[in-house]
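The values are calculated or read from the model by the stated rules, or taken from the named source; none is laboratory data. Small disclaimer: the values here were computed from a predicted structure and weren't measured. Methodologically, a virtual Cβ is constructed for each residue, glycine included, from the backbone with ideal geometry; neighbour enumeration extends over all protein chains shown.
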Amino acid sequence: MVNLYLYLLVAICVGLLSWGLIRLDRIYQYPFFMGGIFVSFILPQTIALINNPGPVSQQALERVLLMSCFCAAMCWLGYQLPLNYSFIKKFDISVDSNKLFLGGIVLVLIGYGANFLIFQLPEAVREETQWTGIITIYAFFRRLIYPGFTIIILSTLRHPTVAKIILTACAAAIPLQLIIFYGRREATATFVLTIGLSLYYIRRYIPPRWLVIGLIFFALIAIPLTGTYRNIAKNGDWNQLQEVRPVDNLKSFVEEGKVLELRNAALVMDAAVQTRQYGYGTGYWNKVIFSFVPGQLVGYNFKNALMIKLNTYDIENLYDYRRITGITTTGIGDSFAQFDYFGCLFFLLSSYLFKLLWISSVYRNSITSQVFYISLFSPSLLSVTHGTVNLLPDVLFSSIFIGSVIIYSQNKPLKDHNRRYLLEGNQE
């Protein structure tokens, strides 16, 4: 059954990519870019796990492959659901473009201030794999750079001026720093997709088909090289890049698969089945608490008391397997740990949400939807690579901060007496 599920997963991924490549205006829509992340991240790990399962049993291997098929299929199925026009109309908000641009600048300034505070901390604190303490608060607010940059670049493309172009370049400085000197995959995806989507929304620019296919192959080769690139960037010995053999590295990765997020997923899923312990959605609640409740201010005991822990697995003792810190369980594993195979419905609901936002942002030209869509684009990719529990906090984060800027920028409706005066004047 392993080979059958592998072929099925390949077929679903090819179907998702073909759906987008047939009509290039679909490349920025949910089914296509999720197909891209499944091909570049999940598929190589699947082959590597088959070649080197380690403590993963045959049954657990079949389970994680089948769940991967379900999750990938839901990315397309959710897009087939009928539109909810009442939800779409909620994003038809008239905004003052100058106020919106100013709001974007404020978000970037807050993010830059938080980034400055991060680099005032000792290097030992910044180099930790898992951040704890005050740096997590700074990192929380540093994320405001990205929605701020989105608002600024959209405004610049609509009405370009020298001042706006300079501000756009300044807003891009820290994301570029994180990409070049730290090899951050999330920052890279967010930056590239923000520019691509902004060009599409304002100029209707679509990259050629050959470039899109090339970027998918680049991601396929580049993702396993992330650790190598980070070590080179950290040491500053850029000459070592000449010694990197991307194709050989990918081949070694799929043949050996020493460190695999999908192996973590397979073991977590197996532990959930064997112990009959599922989260039933508590993982999503806990992630919201973890992201928005500052233990430094309210106390860690209070923060922990707010969390509900139904499924806690000691993977090391159950399978004699040690998880490496910082290596995730993927959205395949954590969604299953919450609701068994029904966890794949997360991707159906996400697909439907992105469909509604796409219709609003493209066909109704809603600025609000455009900013939200771009801001949630990268987190949706992380829902596959890191975990589905991360998307809800990102939606709340965007709703709070982007929503505040939209409310500030919203054009106030005319008062009743002014509306009557204008109507009477029009009638005359």
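Per-residue answers, yes or no, for (1) surrounded by fewer than 16 Cβ atoms within 10 Å (Cβ to Cβ); (2) outside any helix (DSSP H, G or I):
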site	(1), (2)
Ala271	no, no
Ser291	no, no
Lys303	no, no
Tyr313	no, yes
Thr325	yes, yes
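Pairing residues of the range 248-273 that are at negative phi with residues that are outside any helix (DSSP H, G or I) and of a type in the set (D, E, K, R), at Cβ distances under 7 Å and at least 6 apart in sequence or on separate chains, gives Asn264/Arg323.
Would you say Ile166 is of a type in the set (Val, Ile, Thr), assigned by the TED database to the domain that holds Phe354 and in contact with a Phe, Trp or Tyr (Cβ under 9 Å, 6 or more places away or on another chain)? No, not satisfied. With respect to the stated conditions, Thr325 fails to be touching a Leu at 6+ places or on another chain (Cβ under 6 Å) and among the β-branched types (Val, Ile, Thr).
Just one of the listed residues (Ile174, Ile223, Ile232, Ile206) is in a helix (DSSP H, G or I), modelled with pLDDT of 80 or more and not basic (Lys, Arg), namely Ile174. Being within 22 Å of Ala219 (Cα to Cα) and touching a residue at least 24 places away in the same chain (Cβ under 8 Å) is the requirement here; does Thr328 meet it? It is true that Thr328 is within 22 Å of Ala219 (Cα to Cα) and touching a residue at least 24 places away in the same chain (Cβ under 8 Å). Restricting attention to the range 11-52 and to residues that are without any contact (Cβ under 8 Å) to a residue 60 or more places away in the chain, more than 15 Å from Cys75 (Cβ to Cβ) and of a type in the set (A, V, I, L, M), the residue that is surrounded by the fewest Cβ atoms within 10 Å (Cβ to Cβ) turns out to be Ile22. Taking the listed residues Arg185, Arg143, Arg204, the one that is over 25 Å from Ser252 (Cα atoms), under 20 Å from the mean Cα position of the chain (by Cα), assigned by the TED database to the domain that holds Tyr373 and of a type in the set (Lys, Arg) is Arg143, with no other qualifying. Within the range 159-207, being in contact (Cβ under 8 Å) with a residue 40 or more places away in the chain, of a type in the set (Lys, Arg) and within 23 Å of Leu381 (Cα to Cα) holds for one residue alone: Arg185. When we screen Thr161, Thr194 for residues that are at pLDDT 85 or above, surrounded by 17 or more Cβ atoms within 10 Å (Cβ to Cβ) and of a type in the set (Val, Ile, Thr), the only hit is Thr194.
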